[in-house]
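Data first, discussion second: the structure below is written as structure tokens.
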Amino acid sequence: KCVVALPDGVHFVIGLGSDFGLGQVRLYRVDGTLVHTFTGHTNAMHAVAVTPDGQHIISGASDCLVNVWNVASKSLVSTCIGHGHSVEAVAAMPDGQRLLSGGIDTTIRMWRLDGTWENTLWPHNDHVNALVALPDNQHALSGSGDRTVKLFNVNDGAVLRTFRPHTHAVLCL
């Protein structure tokens with residue numbers, strides 16, 4: 001959950017969660033060259049994503065924050081504040097203007113890239129560990145500690161389908 005390739009095929013991002021580089025987001029070239037280290041989280045990184053145009057990196061961490069970084073200027077664009085516990089998953093919406101975050105507080109939150117909160121959804125009764133936005137820009141999948149994957153509408157939170165074949169927590173999608 002802490003590595004993502006940029007759509008240019010030349011760069012990738014990792015989020016660090018250990019004592020060395022704790023809370024850092026690092027941008028690399030695929031040849032291994034470190035391009036930039038983004039700092040701003042104060043605790044372990046759990047999730048990174050990138051917008052479809054490759055212009056923004058999204059990160060979520062144990063400090064309960066979601067940060068949005070501009071790749072070109074290598075600067076912090078916004079901080080999304082609202083989760084009550086660790087952020088475990090982030091996803092960029094296909095429109096490139098919104099993002100999803102989920103975490104230990106069992107919520108999924110929709111944000112604009114500028115940090116404006118849009119809505120909060122509660123499709124699960126345990127940690128939200130994984131998120132994937134679908135290409136239609138209206139739906140997403142979430143995986144949870146409640147051992148389910150849910151297909152839901154990102155605008156109103158309506159759960160369209162629950163997949164229950166799992167015997168343990170769903171950690172990634």
>> Just the residues that are hydrophobic (A, V, I, L, M, F, W, C) and either in a strand (DSSP E or B) or out of contact with any strand residue (DSSP E or B) (no Cβ under 8 Å at 6 or more places or on another chain) (or both), please, taken from segment 1-15.
In response: Val3, Val4, Ala5, Phe12, Val13, Ile14
>> Taking the condition of being assigned to a strand (DSSP E or B) and open to solvent by less than 50 Å² (accessible area, probe 1.4 Å), how many residues in segment 48-78 meet it?
In response: 17
> Taking the stated definitions as given, is Gly84 small (Gly, Ala, Ser), open to solvent by 10 Å² or more (accessible area, probe 1.4 Å) and more than 15 Å from the chain's Cα centre (by Cα)?
Replying inline: yes
> So which of Phe163, Phe152 is of a type outside the set (A, V, I, L, M) and surrounded by 17 or more Cβ atoms within 10 Å (Cβ to Cβ)?
Replying inline: Phe152
> How many residues are among the basic types (Lys, Arg) and either under 20 Å from Ile81 (Cβ atoms) or open to solvent by less than 40 Å² (accessible area, probe 1.4 Å) (or both) when one looks only at segment 21-47?
Replying inline: 1
> Do any strands (runs of 3 or more DSSP E) lying entirely in segment 91-132 carry at least 2 residues that are open to solvent by 10 Å² or more (accessible area, probe 1.4 Å) and touching a His at 6+ places or on another chain (Cβ under 7 Å), and which ones are they?
Replying inline: none
> Quick one: how many residues across segment 6-16 are open to solvent by 20 Å² or more (accessible area, probe 1.4 Å), among the small types (Gly, Ala, Ser) and touching a residue at least 40 places away in the same chain (Cβ under 8 Å)?
Replying inline: 0
>> Testing Ile81 on (1) more than 18 Å from Leu6 (Cα to Cα); (2) in contact with a Ser or Thr (Cβ under 8 Å, 6 or more places away or on another chain), one condition comes back false. Which one is that?
In response: (2)
> Within segment 127-134, is even one residue more than 15 Å from Thr51 (Cα to Cα) and over 13 Å from the mean Cα position of the chain (by Cα)?
Replying inline: yes
>> Looking for something more than 19 Å from Gly157 (Cβ to Cβ) and at pLDDT 95 or above - is there at least one such residue anywhere in segment 116-132?
In response: no
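The values are calculated or read from the model by the stated rules, or taken from the named source; none is laboratory data. Here the structure is a predicted model, which is why all the values come from computation and not from measurement. Every residue, glycine as well, gets a Cβ built from its backbone with ideal geometry; the counts of neighbours run over all protein chains shown. Heads up: the accessible areas ignore ligands, DNA and RNA and are worked out on the full protein's heavy atoms, side chains in. Shrake-Rupley method; radii C 1.70, N 1.55, O 1.52, S 1.80 Å.
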